[in-house]
Amino acid sequence: FAGLKEAAAAVKKYSSDYVVEVVGHAQPGESGNGGLGELELSFLRAKAVRDYLVESEGLDPKRVHSSGLGASQPLDGPDPSRDRRVEVILYAQ
């Protein structure tokens, strides 16, 4: 969570007018408990990060959005587990 704490601190310090987009990704072929598919898993990853930024770091819930892209954007490389990721994108207005 150290990286998320740093990101939240930067948002609070430098930008009073911001939108944060949290995007979750999944590994191709990944499935979770209860038969969750890639899209659901990626959304739940993003939502967990969004909830942390809002509830623990105090970011404005109206300005922090989450979405999941499933396995539609895999990373190149030999380690497919890197596709299990969350990206946090800051848009300053």
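Within the stretch 13-67, how many residues turn out to be of a type in the set (A, V, I, L, M, F, W, C) and assigned to a helix (DSSP H, G or I)?
Residues that pass the stated criteria total 9.
Answer yes or no as to whether P78 is farther than 18 Å from F1 by Cα, without any contact (Cβ under 8 Å) to a residue 24 or more places away in the chain and either open to solvent by less than 30 Å² (accessible area, probe 1.4 Å) or assigned to a loop (DSSP other than H, G, I, E, B) (or both).
Yes; evaluated as a whole, the condition is true for this residue.
If the Cβ limit is 7 Å and pairs must be 6+ apart or interchain, which residue in the stretch 2-22 that is more than 15 Å from E87 (Cα to Cα) and of a type in the set (F, W, Y) pairs with which residue that is outside any strand (DSSP E or B) and at pLDDT 85 or above?
Once the first residue is more than 15 Å from E87 (Cα to Cα) and of a type in the set (F, W, Y) and sits in the stretch 2-22, its partners that are outside any strand (DSSP E or B) and at pLDDT 85 or above give Y18/R63.
Taking the stretch 1-20 only, how many residues are of a type outside the set (A, V, I, L, M) and buried (at least 16 other Cβ atoms within 10 Å of the Cβ)?
Total satisfying the criteria: 1.
Being open to solvent by 60 Å² or more (accessible area, probe 1.4 Å), within 28 Å of D79 (Cα to Cα), more than 14 Å from the chain's Cα centre (by Cα) and without any contact (Cβ under 8 Å) to a residue 12 or more places away in the chain is the requirement here; does G35 meet it?
yes
Go through the residues of the stretch 58-66 one by one and say whether even a single one is modelled with pLDDT of 90 or more, among the acidic types (D, E) and more than 16 Å from G3 (Cβ to Cβ).
yes
The values are calculated or read from the model by the stated rules, or taken from the named source; none is laboratory data. These numbers come from a predicted model, not from an experiment. Note that we place each Cβ from the backbone using ideal geometry, even for glycine, and neighbour counts take in every protein chain shown. With ligands, DNA and RNA removed, areas are computed over all heavy atoms of the protein, side chains included. Shrake-Rupley method; radii C 1.70, N 1.55, O 1.52, S 1.80 Å.
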